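Q: Pasting in a structure now, in structure tokens, and then I'll have a few things to ask.
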Amino acid sequence: MPGVLTVAELCQHIRLLLDNDELLRSCFVKGEVSSVSLYPSGHLYFTLKDASHQISCVMFRQENQGLKFKLKEGMKVTASGRVSIFSGRSQYQLIVQDLKPDGIGELYLAFLDLKDKLEKEGLFDPSRKRSIPFFPQTVGIVTSLQGAALHDMISIIQRRNPAVKILISPSPVQGQDAPTNLISSLRKLQSFPEVEVVLLARGGGSPEELWSFNDENLAREIFVCRIPVISGVGHETDFTIADFVADRRAPTPSAAAELVSPLRQDLLQQLTGLKERLMRSMERKIQEKEFQRLDYLMQQLDRAFQNKVKLCDIRLESLQDKLEALNPYSILKRGYVLAAKNGKTIKTAREALLEKKGTLIFADGEIEAVFQKQPSREGSRNQYVQGNFLNRRNDLL
Amino acid sequence: MSELSYETCIEKLEELVKKLESGDLPLEESLQAYEKGKQLIAYCSEKLKEAQGKLQIVIQKENGSLESAPFQLDKI
């Protein structure tokens, strides 16, 4: 028979119908939870119902791990997800992507819309996020003066690093006027040039209480803020629009405070270490240089000493020459004779006559001599001498 | 130097010290590096000093101008 389908074909067809339906592909459903059952696989099965109807729901492990509350019987929730068919059994079910406790359903939708919109505009773009200064000198804080958050942040910063200055720009953090006030406080901080980073913070609270941080104008103000902004709103599981647009999200106000206050002790230690290394390396360099200088001086000294010795040699030689020139005996070699008596030279004829006897010293030896006056005035230079050669030893000279 | 962040100063300092430690620098440059290093250390030490009047609050005056005033936590 034409047009006869197999069961599988029929199921496939129905599934395609559902999968292609605009509404069923992405819908929000609110209802009461019943028959909650967490499978060992980690998938969460439950039923959503109202007075007259119910629908099977599954929230797969991957999704339900992000769930910020524990799903319980009777709980009123808003689920978002798509409707599809579990192939084998032809049972349609809601495949839940996200789940919010009720009361926030409307707000939550608005939140998702805004998040989507701002994301498309590029407000959450990681590439435009500014880096947080590692050790800011002045930190601006936008929060309520009433909350415990301010107290926590101040004490954390002051304990960790008392060198960090804090400038508080107070603002209510909940209520109708909170967004406008938060914006204004953020703006005020920007007129203080010393502020290097801003903590936009609020302690934990219900989703409604945190709602001011989902404000569109606040998001835009954070985006254009001159100073990098760290958000620290609520608890770790709370995400606000401010968190997405901030340059950095801290899970809590305390965590935000820690991000801007590196432990002073660590910094001091690091600096001292660097200082020591600087000193040591310079000392080494100077020592090295000192040794080089010492070596050089030693060389200089060595050279100077050798020069000195050489100089002495030269002077000695010249002295020897001089001495040689003055040696009275050298003159004898040229034929002169020296008259002496007991080792004393006789310089005049008169003296010789007085001594009567003496020694005549020649280059090659000495002879005894008798001095007497020549009767005649004529004669040679040796007119006073008359003597006998005595064969003296030559080596005396 | 006043525009330098603490982190940048520390990075510069690390660089100088490494250069000095390598021993490759001539004495003249070593001395320069050493002097620069001492300046950086003094600058960083200054930044690590405990801040005076470290807790302040933004106040808007009647004419709309902003100023900061001392603040005490126990006033909350």
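The values are calculated or read from the model by the stated rules, or taken from the named source; none is laboratory data. Just so you know, these numbers come straight off a predicted model, no measurement behind them. Cβ placement follows ideal geometry from the backbone for every residue including glycine, while neighbour counts extend to all protein chains displayed. In case anyone asks, the SASA skips ligands and DNA or RNA and just uses the protein heavy atoms, side chains included. Shrake-Rupley method; radii C 1.70, N 1.55, O 1.52, S 1.80 Å.
Q: Using only helices, what value at 222 nm comes out for chain B when you add -39,500 (n - 2.57) per DSSP H run of length 4 or more and divide by the total residues, to the nearest 500 deg cm²/dmol? Don't skip to the answer; put the middle values down first.
A: On the way: 2 runs with 39 residues, N = 76.
Helix-only estimate at 222 nm: -17500 deg cm²/dmol.
Q: Cα axis of helix A:148-160 to longest principal axis of chain A: angle in degrees, 0 to 90, nearest 10?
A: With both axes taken from Cα atoms, the answer is about 20 degrees.
Q: I'd like the orientation of helix A:264-326 relative to chain A: the angle between its Cα long axis and the longest Cα principal axis, in ° from 0 to 90, rounded to 10.
A: 10 degrees
Q: With every protein chain in place, what's the accessible area of A:HIS13 (1.4 Å probe, Å², nearest 10)?
A: 100 Å²
Q: For the peptides A:185-194, A:118-127, what is the packing order when you average, over each peptide's residues, the other Cβ atoms within 10 Å and list the highest mean first?
A: The densest-packed peptide leads the list: A:185-194, A:118-127.
Q: Something else now. Before anything else, pin down the relative contact order of the stretch B:6-75: Cα pairs under 8 Å, at least 6 apart, normalised by residue count, whole percent.
A: 24 percent
Q: What does DSSP give for chain A in terms of the percent of beta bridges that are antiparallel, rounded to the nearest 5?
A: That works out to approximately 70 percent antiparallel.
Q: Rounded if a/c is under 1.5, else prolate if a/b is larger than b/c, else oblate: which is the stretch A:1-145, with a ≥ b ≥ c the root eigenvalues of its Cα gyration tensor?
A: Values: a/c = 2.66, a/b = 1.91, b/c = 1.39.
Verdict is prolate for the stretch A:1-145.
Q: Could you state the angle between the C-alpha long axis of helix A:105-121 and the longest principal axis of the C-alpha atoms of chain A, as a value from 0 to 90 degrees rounded to the nearest 10?
A: 40 degrees
Q: If I take every Cα pair under 8 Å that is 6 or more residues apart in the stretch A:136-262, average their sequence separation and divide by the length, what percent do I get for the relative contact order?
A: Relative contact order, the stretch A:136-262: 29 percent.
Q: Given A:SER254, A:GLN190, A:LEU297, which one lies farthest toward the positive end of the charge dipole of the stretch A:190-302, if we put +1 on the Cβ of every Lys and Arg and -1 on the Cβ of every Asp and Glu?
A: After comparing all options, I get A:LEU297.
Q: Which order do A:SER131, A:SER87, A:SER261 take when ranked by solvent-accessible area (1.4 Å probe, heavy atoms of all protein chains), largest first?
A: A:SER131, A:SER87, A:SER261
Q: While we're looking at this one, here's another question. Please report how many Lys pairs in the stretch A:26-102 have alpha carbons closer than 13 angstrom, counting only residues at least 8 apart along the chain or sitting on separate chains.
A: The result is 8.
Q: Another question, then. Using θ = phi - 60° and the Karplus curve 6.51 cos²θ - 1.76 cosθ + 1.60, what whole-Hz ³J(HN,Hα) does each residue of the stretch A:85-98 get, with Gly and Pro shown as x?
A: Karplus values, whole Hz, x for Gly and Pro: 10, 7, 2, x, 9, 6, 10, 7, 8, 8, 8, 7, 8, 9.
Q: Which value in deg cm²/dmol, rounded to the nearest 500, describes the helix-derived mean residue ellipticity at 222 nm for chain A, given -39,500 (n - 2.57) per DSSP H run of n ≥ 4 and division by the residue count?
A: Helices in chain A give a 222 nm mean residue ellipticity of -13000 deg cm²/dmol.
Q: From the phi angles alone, apply the Karplus equation (6.51, -1.76, 1.60; θ = phi - 60°) to the stretch A:177-183 and give each ³J(HN,Hα) in whole Hz, x where the residue is Gly or Pro.
A: Taking θ as phi minus 60°, the curve returns 8, 4, x, 4, 5, 4, 4 Hz for the stretch A:177-183.
Q: Just to confirm my numbers, what's the Cα centroid distance between the stretch B:19-50 and the stretch A:1-77 in Å?
A: About 67 Å separates the Cα centre of the stretch B:19-50 from the one of the stretch A:1-77.
Q: Please state the relative contact order of chain A as a whole percent: Cα pairs under 8 Å, 6+ residues apart?
A: Computed over chain A, the figure is 9 percent.
Q: From other protein chains only, count the Cβ atoms within 10 Å of every residue's Cβ in A:269-279, then give the mean.
A: The shielding value for this peptide is 6.
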